[in-house]
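See structure below.
The values are calculated or read from the model by the stated rules, or taken from the named source; none is laboratory data. Note that the coordinates shown come from a computational prediction; the quantities given were computed from them, not determined experimentally. All Cβ positions, even for glycine, are placed from backbone atoms using ideal geometry, and neighbour counts span all protein chains on display.
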Amino acid sequence: MAGTELTRKERAVLDFERSWWQRPGEETKAAAIRRLLSLSSSRYYELLDALCDSPHALAYDPLGVRRLRRRRTARRAARLLGRPLPSRSRHR
């Protein structure tokens, strides 16, 4: 990923993460990831984490990538301090 533009799959992952909660229906996020992106949840989150460090991802979706970076930093800090993970808002 370093030094290259985003692939179609990487853009799809960022687009999905930005709007998955707006999708109608009762499908879980994991089921939507598998159906729409043909990825396992584990692979999806690995790719999403790698995209957080990509300058191309930041240029493509600056608000989304910054939000993901903040959440990642908060989770890491909570683990280091032995605190419960921050709760997630329904409107993220």
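Being more than 14 Å from D61 (Cβ to Cβ) and either touching a residue at least 40 places away in the same chain (Cβ under 8 Å) or exposed (fewer than 11 other Cβ atoms within 10 Å of the Cβ) (or both) is the filter here, so list the residues in segment 1-27 that pass it.
Across segment 1-27, the qualifying residues are M1, A2, G3, T4, R8, W21, Q22, P24, G25, E26.
Just checking: which of the helices (runs of 4 or more DSSP H) contained wholly in segment 6-58 hold 2 or more residues that are hydroxyl-bearing (S, T, Y)?
Counting at least 2 such residues, we get 41-52.
Could you tell me which of the residues L58, L36 is closer than 14 Å to E17 by Cβ, touching a Phe, Trp or Tyr at 6+ places or on another chain (Cβ under 7 Å) and of a type outside the set (V, I, T)?
Just a single option satisfies the conditions, and that option is L36.
What about R75, is it exposed (fewer than 14 other Cβ atoms within 10 Å of the Cβ), free of Cβ contacts under 8 Å to residues at least 60 places away in the same chain and in a helix (DSSP H, G or I)?
Spelling it out, R75 is indeed exposed (fewer than 14 other Cβ atoms within 10 Å of the Cβ), free of Cβ contacts under 8 Å to residues at least 60 places away in the same chain and in a helix (DSSP H, G or I).
State which residue pairs qualify: first residue more than 19 Å from K29 (Cβ to Cβ) and inside segment 44-66, second residue outside any helix (DSSP H, G or I) and at pLDDT 95 or above in any location, beta carbons under 6 Å apart, and separation of 6 or more residues or different chains.
Between residues of segment 44-66 that are more than 19 Å from K29 (Cβ to Cβ) and residues that are outside any helix (DSSP H, G or I) and at pLDDT 95 or above, the close pairs are H56/L6; Y60/L6.
Could you list, in sequence order, all residues of segment 16-57 that are within 21 Å of L6 (Cβ to Cβ) and over 12 Å from the mean Cα position of the chain (by Cα)?
Result: A32, L36, L37, S38, L39, S40, S54, P55, H56.
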